[in-house]
Amino acid sequence: MKLLLRIFLLNFLFLFSTGTIAQEIPENEYGLKVVSSYDLYASLIENDSNQILVNLESFIPGIKKDVKYATDDNVTGAVLYNTPGIFLRLPAAIALTQVQEELLKSGLELKIYDAYRPYAITKKIWEFVLDENYAASPQTGSRHNRGCAVDLTIIVSSTGEELNMPTLFDDFSEMAHHGYNRLPVETRVNRSLLKNVMERFGFVALKTEWWHYDFKDWRDFPLMDISFDELIK
């Protein structure tokens, strides 16, 4: 509600000013344009409603989550999120809703491990991984930082049980690669099911992580460093 009020006020100011509201996204130490101001984020939404980061818990009612970076069950062994938020840009959220609806027809659904990730968290993760096959460098930023990547798996709706997948989340080994096939048939089928349904609705698999998918239009969105607490307030 507070975000909508901010957008209304920005529109009001626009209508009663002689100039236009246009803020340049500042560059960080690597020359990357990163949105770190909530007011700048709100002004982007004013110009393009697709820029909004949608709270998946309200946008996809009943969506399950296990936000690993809000726990110590991740590659860093530390709690990185104060709040277990799951956000995506509006077009990506709409596409993920279609994935969920498709899976529900078969008694299955999604469980989200991570979605939008503030740029500052990407910098912390990089310190532990230092390998661009499995983590984004701060010099490039992540598609998670753009609100256009999601880490997820499939669960059985009736029990909440996760389908067998090649590895656990954040297992940075060859077994996590989509091309790794020394696996039980059931596991390969489950991995293919997730990949096929995600790609059908506009997501692209990351070759080295079975759980990671990028939304096809990620280039349309800037890097972000807005905390979950700011988005939820």
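For the stretch 119-139, a tally of residues being part of a loop (DSSP other than H, G, I, E, B) and in contact with a helix residue (DSSP H, G or I) (Cβ under 7 Å, 6 or more places away or on another chain) returns 4. Here is a check on your reading of the model: is Pro118 out of contact with any Leu (no Cβ under 8 Å at 6 or more places or on another chain), surrounded by 22 or more Cβ atoms within 10 Å (Cβ to Cβ) and either touching a residue at least 60 places away in the same chain (Cβ under 8 Å) or not charged (D, E, K, R) (or both)? The answer is yes for Pro118.
Results for (1) farther than 27 Å from Ile45 by Cβ; (2) loosely packed, with under 15 Cβ neighbours inside 10 Å, shown as yes or no for each residue.
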position	(1), (2)
Trp126	yes, no
Val129	yes, no
Ser137	yes, no
Val150	no, no
Glu162	yes, no
Met165	yes, no
Asp170	yes, no
Ser173	yes, yes
Glu186	yes, yes
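When the stretch 77-106 is filtered for residues that are surrounded by fewer than 16 Cβ atoms within 10 Å (Cβ to Cβ) and in a loop (DSSP other than H, G, I, E, B), the ones remaining, listed by number, are Gly77, Ala78, Val79, Asn82, Thr83, Lys105, Ser106. Considering (1) touching a helix residue (DSSP H, G or I) at 6+ places or on another chain (Cβ under 8 Å); (2) small (Gly, Ala, Ser); (3) not in a loop (DSSP other than H, G, I, E, B), the lone condition that Ser142 does not fulfil carries the number (3).
Sort out which residues of the stretch 181-215 are among the β-branched types (Val, Ile, Thr) and either touching a residue at least 24 places away in the same chain (Cβ under 8 Å) or in a strand (DSSP E or B) (or both), and write them in order of number. The answer is Val197, Val204, Thr208. Of all residues in the stretch 216-233, exactly one satisfies the criterion of being without any contact (Cβ under 8 Å) to a residue 60 or more places away in the chain and part of a loop (DSSP other than H, G, I, E, B), namely Lys216. Among residues of the stretch 136-148 that are under 16 Å from Gly31 (Cβ atoms), those with a beta-carbon under 9 Å from a residue that is buried (at least 24 other Cβ atoms within 10 Å of the Cβ) and aromatic (Phe, Trp, Tyr) at least six positions away or on a different chain give the pairs Asn145/Tyr116.
Per the listing Tyr134, Tyr38, Tyr69, the residue uniquely within 22 Å of Asp214 (Cβ to Cβ), aromatic (Phe, Trp, Tyr) and modelled with pLDDT of 95 or more is Tyr69. Being more than 19 Å from Asp114 (Cα to Cα) and of a type in the set (D, E, K, R) is the filter here, so list the residues in the stretch 164-181 that pass it. If the condition is that a residue be more than 19 Å from Asp114 (Cα to Cα) and of a type in the set (D, E, K, R), then Glu174 is the only one that fits. Evaluated against (1) over 15 Å from the mean Cα position of the chain (by Cα); (2) of a type in the set (D, E, K, R); (3) surrounded by fewer than 18 Cβ atoms within 10 Å (Cβ to Cβ), Asp217 falls short on exactly one condition, (1). For Leu110, state whether it is in contact (Cβ under 8 Å) with a residue 60 or more places away in the chain, buried (at least 18 other Cβ atoms within 10 Å of the Cβ) and hydrophobic (A, V, I, L, M, F, W, C). When the stated conditions are applied, Leu110 does not pass them. Once the stretch 38-61 is narrowed to residues that are touching a residue at least 40 places away in the same chain (Cβ under 8 Å) and surrounded by fewer than 18 Cβ atoms within 10 Å (Cβ to Cβ), the residue that is farthest from Asp171 (Cα to Cα) is Ser49.
The values are calculated or read from the model by the stated rules, or taken from the named source; none is laboratory data. Worth saying up front: this structure is predicted, and the values here are computed from it rather than measured. Quick reminder, even Gly has a Cβ in these numbers, built from the backbone with ideal geometry, and neighbours come from all protein chains shown.
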